[in-house]
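The values are calculated or read from the model by the stated rules, or taken from the named source; none is laboratory data. Note that the structure is a prediction, hence the values are computed from the model and not measured. We place every Cβ from the backbone using ideal geometry, glycine too, and count neighbours over all the protein chains shown.
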Amino acid sequence: MRAVSTARPGACSGWGVVTLQRLVLTDFRNYAALTWRPAARIAVLTGPNGSGKTNLLEAVALLGPGRGFGRARSLADLARRGGSGRWAVAGRLVREGLVSDIGTGTAGLEGTGDRRVFRLDGAEPRNQAEIAARISAVWLTPQMDHLFQQSAGGRRRFLDRLVWALEPGHAREASAHEAAMAERRRVLAGPRADPGWLGGLEEAMARHAVALSAARAAFVARLNAAPLASEAFPRARMVLLDPVADRLSREPALAVEIWLRQELAARRAADSAAGTSTLGAHRADMRLEDAATRLAAAECSTGQQKALLIGVVLAHAALIAEARGAAPLLLLDEPAVHLDEGRRAALWEALLLSPAQVMLTGTDADVFARLRLHAEFLVTGGGALS
C-alpha cells in the first residue's frame, strides 16, 4: 500500500490528520466496482460533467454518520442503475497509527431494503458516535452556492451539520426533538387530544429544543471567534436567528424550557390548525455576513458568497482539528467556480499549508496547475479512474 504524505509546513502542522488510504465502491452511483488508493495528500479529480467526480467525494462523506452530501432522496438512489439495487462503500482510514476499516451501505452487508447499516473493523458499531470518533470530514459542494436563496430549513440543516461535526450528541437531540414534535402533531390532528399526553410531549420538545439552540449558539460563537484561515477570504460573521437562543442569552436554560413548554401549550389550537408547531428550535434560521462590511451574504455577488463559504469551511476544519487533535478530510467539489484568479491562487496556497488530506474536483485540470507538483491528478469517466 502506498503511503500518503501528510507533513506540510504551517501553523497547523502540529495537528494529527485523518488519512483515507483506500476507498472501495460496489454498485455505488456510476461505479460498478472501484478500488482507489490515494497516492498523495491532495487529489485532483477532473473530467466532464456526469463522469463521477462528485460521486467519489460523496462516497467518502458517507463513511461518516449522517446523509453525506444529501443529494439522494432515498438510499435506493445511491445504487447503480442496472446493478443489484444495493450498494456499498468501504474505506480504510488511519489516524496517528490507528487503522479503522469503515463500511456502509446495503450491498454485501446484512441490511436489506432501504435501511443503511455500518460496519467498523468488521463488526456492527454500538452507535454512530463510534464512527464519528474515527472519521471527520468537511465539504463544499455547488449546491451550497444557493444556500442564501434557499429556505430557512436549508440553512438550518447546513448549520446543524457544522455543529454535528463537533458535537455528535447534537444529532440525537435533533432526532428526539423531531420525534416528539411529530407525535404532538399527530395527537393534535386526532379527534381527542389528551392534555396529559400533550404536556409530556411538549416537555420533551422544550427540553430538546433548548439543547439544540444552546449547541447552535455555542458553535456560532466559536466560529465567529476562529482565526482566519487565509487573509484572501473575508471573515464571515454568522448570526443565529432563533427566539429560543435569544432567550438563552438572557435567562437560565431551565427558565427557557418552562417558557417554551408554556408557549407550546398555549398554541395548541393554532398549531392544530396550522398542522405544524409554530415555535421551537425547528424554526431557527442562520444569516451569514461579511464581518468587515456587515453586508449579508444574500446581498453579495456569487463570487463574494463563495469566498464567504470557503472561509466558513476552512474555519470549521480548523475548529475540528483543534477539538479533536486531527485535521478532518477536506472534500471540495468544484471549489474554483465563481472565484477570481487571485482567490483561486489563495485557496490553493491555503490547502498546501494545511495538513489535511484534500480531495478536489473540477472540469478543467489547468485550473489546478499550481498544485501540479503536490497533488495526484486523476480523470474520471466510464466508472473508472485514470
**Prompt:** Does the range 346-365 contain at least one residue that is in the same structural domain as LEU228 (by TED's automatic domain parsing), touching a Leu at 6+ places or on another chain (Cβ under 8 Å) and free of Cβ contacts under 8 Å to residues at least 24 places away in the same chain?
**Reply:** no
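Would it be correct to say that LEU331 is outside the structural domain of PRO234 (by TED's automatic domain parsing), touching a Cys at 6+ places or on another chain (Cβ under 8 Å) and either part of a loop (DSSP other than H, G, I, E, B) or within 14 Å of LEU140 (Cβ to Cβ) (or both)?
Values: outside the structural domain of PRO234 (by TED's automatic domain parsing): yes; touching a Cys at 6+ places or on another chain (Cβ under 8 Å): no; either part of a loop (DSSP other than H, G, I, E, B) or within 14 Å of LEU140 (Cβ to Cβ) (or both): yes.
The answer is no for LEU331.
Just wondering, is there one or more residues in the range 107-115 that are touching a Phe, Trp or Tyr at 6+ places or on another chain (Cβ under 7 Å), closer than 30 Å to MET238 by Cβ and surrounded by fewer than 21 Cβ atoms within 10 Å (Cβ to Cβ)?
For the range 107-115, residues touching a Phe, Trp or Tyr at 6+ places or on another chain (Cβ under 7 Å), closer than 30 Å to MET238 by Cβ and surrounded by fewer than 21 Cβ atoms within 10 Å (Cβ to Cβ): absent.
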**Residues satisfying the stated conditions in the range 176-187, i.e. in contact (Cβ under 8 Å) with a residue 12 or more places away in the chain and either crowded, with 21+ Cβ neighbours inside 10 Å or among the charged types (D, E, K, R) (or both)** = HIS177, GLU178, ALA180, MET181, GLU183, ARG184, ARG185
**Asked** Considering the range 25-34 alone, what residues qualify as being within 24 Å of the chain's Cα centre (by Cα) and either polar (S, T, N, Q) or surrounded by fewer than 18 Cβ atoms within 10 Å (Cβ to Cβ) (or both)?
**Response** THR26, ASN30
**Prompt:** Is the range 368-379 home to any residue that is at pLDDT 90 or above, surrounded by fewer than 19 Cβ atoms within 10 Å (Cβ to Cβ) and not assigned by TED's automatic domain parsing to the domain that holds ARG95?
**Reply:** no
**Request:** Taking only the range 195-227 into account, find how many residues are over 20 Å from ARG250 (Cα atoms) and either without any contact (Cβ under 8 Å) to a residue 60 or more places away in the chain or in a helix (DSSP H, G or I) (or both).
**Result:** 13
**Request:** With respect to LEU314, determine if the residue is modelled with pLDDT under 95 and assigned to a helix (DSSP H, G or I).
**Result:** yes
**Request:** Sort out which residues of the range 56-85 are under 21 Å from PRO125 (Cα atoms) and either touching a Phe, Trp or Tyr at 6+ places or on another chain (Cβ under 6 Å) or surrounded by 22 or more Cβ atoms within 10 Å (Cβ to Cβ) (or both), and write them in order of number.
**Result:** ALA59, VAL60, ALA61, LEU62, LEU63, GLY64, GLY68
**Message:** Quick check on the range 238-266: of everything there that is surrounded by fewer than 17 Cβ atoms within 10 Å (Cβ to Cβ) and in contact with a strand residue (DSSP E or B) (Cβ under 8 Å, 6 or more places away or on another chain), which residue is farthest from LEU279 (Cα to Cα)?
**Reply:** VAL239
**Selected residue [at pLDDT 95 or above and either among the basic types (Lys, Arg) or not in a helix (DSSP H, G or I) (or both)] from SER277, SER230** = SER277
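Out of ARG247, ARG237, ARG157, report the one residue that is part of a helix (DSSP H, G or I) and in contact (Cβ under 8 Å) with a residue 24 or more places away in the chain. Please lay out each step first, then the result.
Values: ARG247 fails: in contact (Cβ under 8 Å) with a residue 24 or more places away in the chain; ARG237 fails: part of a helix (DSSP H, G or I).
It is ARG157.
Considering only the range 14-122, give the strands (runs of 3 or more DSSP E) lying wholly within it that have at least 2 residues that are of a type outside the set (A, V, I, L, M, F, W, C). Give the steps one after another, and end with the answer.
Values: elements: 16-28, 31-36, 42-46, 88-95, 98-105, 117-120.
The strands (runs of 3 or more DSSP E) meeting that bar are 16-28, 31-36, 88-95, 98-105.
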**Prompt:** Do the conditions hold for GLU173, that is, is it in contact (Cβ under 8 Å) with a residue 12 or more places away in the chain, in the same structural domain as VAL239 (by TED's automatic domain parsing), farther than 26 Å from ALA226 by Cα and part of a helix (DSSP H, G or I)?
**Reply:** no
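One line per residue, one yes/no per condition, for (1) in contact with a helix residue (DSSP H, G or I) (Cβ under 7 Å, 6 or more places away or on another chain); (2) surrounded by 15 or more Cβ atoms within 10 Å (Cβ to Cβ); (3) on the phi > 0 side of the Ramachandran plot:
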| site | (1), (2), (3) |
| --- | --- |
| LEU329 | yes, yes, no |
| LEU339 | yes, yes, no |
| ALA345 | yes, no, no |
| LEU352 | no, yes, no |
| VAL358 | yes, yes, no |
| THR361 | yes, yes, no |
| ASP366 | no, no, no |
